[in-house]
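Chemist: One structure follows; several queries about it will come next.
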Amino acid sequence: MKSIVFDIKSMNDALDYASKELRIQKDFIDINVLEKKGVLGLMKSYKVEATINVYPADLGYQTLKKLFLNMNVDAKIEMKQRKDNQLIYTIETDENPLLIGKNGKTLEGIQLFIRNLINAYTDQHMIVLVDIGGYRENRKKQLEILATKTAKEVARSKIAAKLEPMNAYERRIVHMKLSDWRDVSTVSEGEGSSRHLVIKPKRR
Amino acid sequence: MAINYEQLIADLIKPLVMNPEDVMVKKFSEENEVLTIQVIVNQDDLGRVIGKNGRIANAIRTIAYASASKEGKKVQINIDSL
């Protein structure tokens, strides 16, 4: 749990101070007095510890649960922690296509939001993955098929091929898939939302 | 049951901010199936709610947009501080 230790003159200010320092709302902070300083009520100050009283992973879970409730969507959310810094939310709903969106746009939005929320509550950099209806696994398979097909064509024709813009995660799948090919090489070109992969023939 | 967009957006934003008591979400017009929603947060929280390059704001918009499309509506969200 993320925490800080500090000295303060009045206990009334402790929570305000901790909230500003931790950049967390007061409801999620517990204050503990470690030590009272000063003699005979003179120069009084307190040494206190402020600790975040909520598990970031639980907060992510609760936020997702509320979101689906507010959307009137029936959802089952499973949470898994892998290693120290990886959180995976696997979601199954009665409205999967709606929540995935065109090219996974809505799913990306949900994942980005939850990742950001969780990382506001921890010092550690957490990798947060959200999957709905097995979309990510399916998309990976599709991209690998696309990569193989396009690479074969490039190897045969010796003409470079440009793929649609993709996010870093998707580009990585294609890079990895083609990394051991002898006839083609892959590079990413363009910036921001137009960043895309180019599959090039290797000269031999 | 109709979706309560004010509640939906407030429930997303409140856990993220330092001053949840200052979060105000107000639905304005609902003309031609287009909803306009005004979000007001504390000055100190504006950066966190908007995010780098507006990424968090856009994520909130995308989520709200998907929710609205379920009811055949469109939604527009303005985020500001007092």
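Chemist: Which members of segment B:53-77 meet the condition of being basic (K, R) and at the interface with another protein chain (Cβ under 9 Å from one of its Cβ atoms)?
Modeler: Matches in segment B:53-77: B:R55, B:R61, B:K70.
Chemist: Which ones in segment B:13-32 are more than 9 Å from chain A (Cβ to nearest Cβ), part of a helix (DSSP H, G or I) and open to solvent by less than 40 Å² (accessible area, probe 1.4 Å)?
Modeler: Within segment B:13-32, just B:I13 meets the criteria.
Chemist: Does segment B:39-48 contain at least one residue that is closer than 26 Å to A:P97 by Cα and aliphatic (A, V, I, L, M)?
Modeler: Looking through segment B:39-48, none of the residues is closer than 26 Å to A:P97 by Cα and aliphatic (A, V, I, L, M).
Chemist: Could you tell me which of the residues A:Y61, A:Y121 is surrounded by 14 or more Cβ atoms within 10 Å (Cβ to Cβ), modelled with pLDDT of 95 or more and of a type in the set (F, W, Y)?
Modeler: A:Y61
Chemist: A follow-up question, please. From the set of residues in segment A:162-176 that are touching a Lys or Arg at 6+ places or on another chain (Cβ under 9 Å) and open to solvent by 50 Å² or more (accessible area, probe 1.4 Å), which is farthest from A:E78 (Cα to Cα)?
Modeler: So the residue we want is A:P165.
Chemist: Sticking with this structure for a sec: Can you pull out the residues in segment A:1-37 that are of a type in the set (F, W, Y) and open to solvent by 50 Å² or more (accessible area, probe 1.4 Å)?
Modeler: Matches in segment A:1-37: A:Y17 only.
Chemist: With respect to A:N70, determine if the residue is open to solvent by 20 Å² or more (accessible area, probe 1.4 Å) and either within 24 Å of A:N53 (Cα to Cα) or charged (D, E, K, R) (or both).
Modeler: Here the answer is no, as A:N70 does not meet what is asked.
Chemist: Here's a follow-up. Could you please let me know if A:I159 is closer than 25 Å to A:L99 by Cβ, over 22 Å from the mean Cα position of the chain (by Cα) and surrounded by fewer than 15 Cβ atoms within 10 Å (Cβ to Cβ)?
Modeler: Answer is no for this residue.
Chemist: In segment A:38-58, what residues are open to solvent by 50 Å² or more (accessible area, probe 1.4 Å) and under 22 Å from B:D44 (Cβ atoms)?
Modeler: Residue satisfying the conditions is A:N53 alone.
Chemist: Please work out which one of (1) within 14 Å of another protein chain (Cβ to nearest Cβ); (2) surrounded by 16 or more Cβ atoms within 10 Å (Cβ to Cβ) is the condition A:L129 fails and give its number.
Modeler: Result: A:L129 passes all but (1).
Chemist: For A:E78, all conditions in the list (1) in contact (Cβ under 8 Å) with a residue 60 or more places away in the chain; (2) closer than 25 Å to A:E170 by Cβ hold save one; what is the number of the exception?
Modeler: The failed condition is (1).
Chemist: Criterion first (in contact (Cβ under 8 Å) with a residue 12 or more places away in the chain and more than 20 Å from A:F113 (Cα to Cα)) does A:I8 satisfy it?
Modeler: Against the criterion (in contact (Cβ under 8 Å) with a residue 12 or more places away in the chain and more than 20 Å from A:F113 (Cα to Cα)), A:I8 qualifies.
Chemist: Determine whether segment B:5-12 contains at least one residue that is touching a Gly at 6+ places or on another chain (Cβ under 8 Å), at pLDDT below 95 and either open to solvent by 50 Å² or more (accessible area, probe 1.4 Å) or part of a helix (DSSP H, G or I) (or both).
Modeler: For segment B:5-12, residues touching a Gly at 6+ places or on another chain (Cβ under 8 Å), at pLDDT below 95 and either open to solvent by 50 Å² or more (accessible area, probe 1.4 Å) or part of a helix (DSSP H, G or I) (or both): absent.
Rundown of residues vs (1) at pLDDT 95 or above; (2) under 26 Å from B:K70 (Cα atoms); (3) in the same structural domain as A:I29 (by TED's automatic domain parsing); (4) touching an Asp or Glu at 6+ places or on another chain (Cβ under 7 Å), yes/no style:
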site	(1), (2), (3), (4)
A:K102	no, yes, no, no
A:L112	yes, yes, no, no
A:L117	yes, yes, no, no
A:R156	no, no, no, no
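The values are calculated or read from the model by the stated rules, or taken from the named source; none is laboratory data. Everything quoted here is computed from the prediction, not taken from an experiment. All Cβ positions, even for glycine, are placed from backbone atoms using ideal geometry, and neighbour counts span all protein chains on display. With ligands, DNA and RNA removed, areas are computed over all heavy atoms of the protein, side chains included. Shrake-Rupley method; radii C 1.70, N 1.55, O 1.52, S 1.80 Å.
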